[in-house]
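In what follows, a structure is listed as structure tokens, so that the remarks can point back to it.
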Amino acid sequence: MARDLTQLELLSELEPVAAENVDRHISMAKEWHPHDYVPWDEGRNFAAMGGEDWDPSQSRLSELAKAAMITNLLTEDNLPSYHREIAENFSQDGPWGTWVGRWTAEENRHGIVMRDYLVVTRGVDPVALEQARMIHMTNGFASPTENEAGFLHSVAYVTFQELATRVSHRNTGKVCDDPIADRMLQRVATDENLHMIFYRNMCGAALDLTPDQSIEAITLILENFQMPGAGMPNFRRNGVLMAKHGIYDLRQHLEEVIQPVLKKWKIFERDDFTARGEAVRERLGLFLERLGKDVLKFEEQRDRMLAREAAKREREEITTLAG
Ligand SMILES: [Fe+2]
Ligand SMILES: [Fe+2]
């Protein structure tokens, strides 16, 4: 490859692939309705309408389930920021524009159904949730590789992000200890998977078209990847809680998100890189090796932390019994 393709060249070269994948997506996506996933008969008025305001005792969700639900919902709420990123990089024309509109409309459902569920079941404090949404959406989302943005970076980022949200929603459903929440988040996770496939196919086609340029973008994105919740109120606390309890941790990031996608793209089997791409692939290999070591380190720390907490609980129980 003599030179990198411009943004416009990428979009026009990949347009037939986009058209094909939009058709594929629409034929696979099933229509579903948020109202079918919410137990409306549990709903009742809040104080402003003569009822009772939220109280922590009303929630059936554990602290972990609450933290995961809030983090995932606020991420969905930030859709306008993601829409902006995608719309700016994909253009509004032809299949690109169709995809941006369709994807945005589908994503919006996720925030709708999760908020309806949480408000109706009184799973979390609706006032705190609204305040967090205001802060998070006002801050917006900035790509972690802002200096080097563009179509390839966008499409690489969302491939991993969609898969990450799929894992996170799916595991959040499991810890809610409520079959209704589990079914709802399974439904959302199914959407995320289909979104991931669209972006993965687009990024895969880009790799075939311009291998060196694409692996550069992919590697940079992986080296700088941050879950979309970064920067939201309490993200440190909630993110740690989620990682500690296996909703989204480093091993899942490596083994359920990064590795399957890289395998699909045959990154380590391809022979279409020039020396430039080869060098980047080597860098990517080293990055994955370091990440593998970090996984072990994280798990050792986590095990120690969980053991300490269990011991503390045991001591407290003994004290309570003795008292
Ligand atoms: Fe979503
Ligand atoms: Fe999605």
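Coordinate-derived values only; no laboratory data. Predicted model, so just to flag it, every value in this text is computed and none were measured. As a convention, Cβ positions derive from the backbone with ideal geometry for all residues, glycine included, and neighbour counts pool all protein chains shown.
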| query | Can you list the residues, at least 5 places off or on another chain, whose amide H is less than 5 Å from the amide H of GLY43, using H built in the peptide plane? | reply | none
| request: On a 0 to 90° scale, report how tilted helix 275-322 is relative to the longest principal axis of the chain, with both axes built from alpha carbons and the result rounded to the nearest 10. | output: 10
| request: Return the single residue from ASP249, ASP125, ASP36 with maximal mean-square fluctuation; model: Gaussian network over the chain, springs between Cα atoms under 10 Å. | output: ASP36
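How high is the relative contact order of the chain, given as a whole-number percent (alpha carbon pairs under 8 Å, six or more residues apart)?
Normalised by residue count, the contact order of the chain is 22 percent.
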| query | How much space per residue, in cubic angstrom, does the convex hull of the C-alpha atoms of the range 164-218 take up? | reply | 53
| Anyone know which of ARG170, ARG24, ARG109 comes out most mobile in the 10 Å Cα GNM of the chain? | ARG24
| note | If each K or R counts +1 and each D or E counts -1, the residues other than SER81 whose Cβ falls under 12 Å of its Cβ total -4
| What's the long-distance tail for the range 1-63, i.e. % of Cα pairs beyond 17 Å? | 72
| field | Within the range 7-322: Cβ-based charge dipole about Cα centre, in debye rounded to nearest 20 (Lys, Arg +1; Asp, Glu -1) | value | 900
| Along each principal axis, Cα extent of the range 1-149, largest first, Å | 67, 36, 27
| said: From the gyration tensor of the Cα coordinates in the range 7-322, what semi-axes in whole Å does the equivalent ellipsoid have, largest first, with each one equal to sqrt(5λ)? | reply: 37, 26, 16
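Among the listed pairs LYS244/LYS297; LYS66/LYS244; LYS174/LYS312; LYS66/LYS312, which have their C-alpha atoms separated by more than 18 angstrom in this model?
Pairs exceeding 18 Å: LYS174/LYS312; LYS66/LYS312.
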| request: Could you work out the Kirkwood radius for the range 152-248, taking every pair of different alpha carbons, averaging 1/r and inverting it, reported in Å? | output: 14.6
